[in-house]
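Student: Here's a structure for you.
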């Protein structure tokens, strides 16, 4: 009679151990899923920051072209892959500079120009765009002083 009672208790302990193992497994899977989601969010944020900086660098490229001694006015649009350390990357940049609005200075022969500038930067893998950033700016250009600066920049 006592052997039967011991066997019943052994069966109860086995079921309890199985429930504990199952609970630990479910909690572990939840933690792993949450960690994977956090890693994906971090990668997305990193891509967004990289495309933002690439778009801002495109605006600075337009400013450098305007301020240069041999500034080519009007500017031609430019697009192509971004090159880092001499290697092409999955990042691409498109720079569009619109028609200038001229403003006469004190001397009728002196003009300053205001160019609308748009730069689109994106990371592409195959035909999918993974991240994209578009930045607009108003570029002030004074050819007499060979200087250029942005009056406004917005996304």
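Student: Got at least one residue in region 39-52 being within 28 Å of the chain's Cα centre (by Cα), modelled with pLDDT under 85 and either exposed (fewer than 12 other Cβ atoms within 10 Å of the Cβ) or part of a helix (DSSP H, G or I) (or both)?
Tutor: yes
Student: Next up: Could you check residue 69 against (1) touching a strand residue (DSSP E or B) at 6+ places or on another chain (Cβ under 7 Å); (2) at pLDDT below 85 and say which number it fails?
Tutor: (1)
Student: So, one more: Could we say that residue 97 is at pLDDT 85 or above and over 22 Å from the mean Cα position of the chain (by Cα) here? Outline the logic, then answer.
Tutor: Details: at pLDDT 85 or above: yes; over 22 Å from the mean Cα position of the chain (by Cα): no.
Taking the combined requirement at face value, the residue does not satisfy it.
Student: I'd like the full set of residues that are closer than 15 Å to residue 63 by Cα, surrounded by fewer than 20 Cβ atoms within 10 Å (Cβ to Cβ) and in contact with a strand residue (DSSP E or B) (Cβ under 6 Å, 6 or more places away or on another chain), limited to region 117-154.
Tutor: Within region 117-154, 118, 136, 138, 140, 142, 149, 150, 151, 152, 153 qualify.
Student: If you take just the strands (runs of 3 or more DSSP E) that sit entirely in region 81-148, which of them hold at least 1 residues that are in contact (Cβ under 8 Å) with a residue 60 or more places away in the chain?
Tutor: 111-125, 128-142
The values are calculated or read from the model by the stated rules, or taken from the named source; none is laboratory data. This is a predicted model, so every value here is computed, not measured. For neighbour counting, all protein chains shown are included, and Cβ atoms are generated from backbone atoms with ideal geometry for every residue, glycine included.
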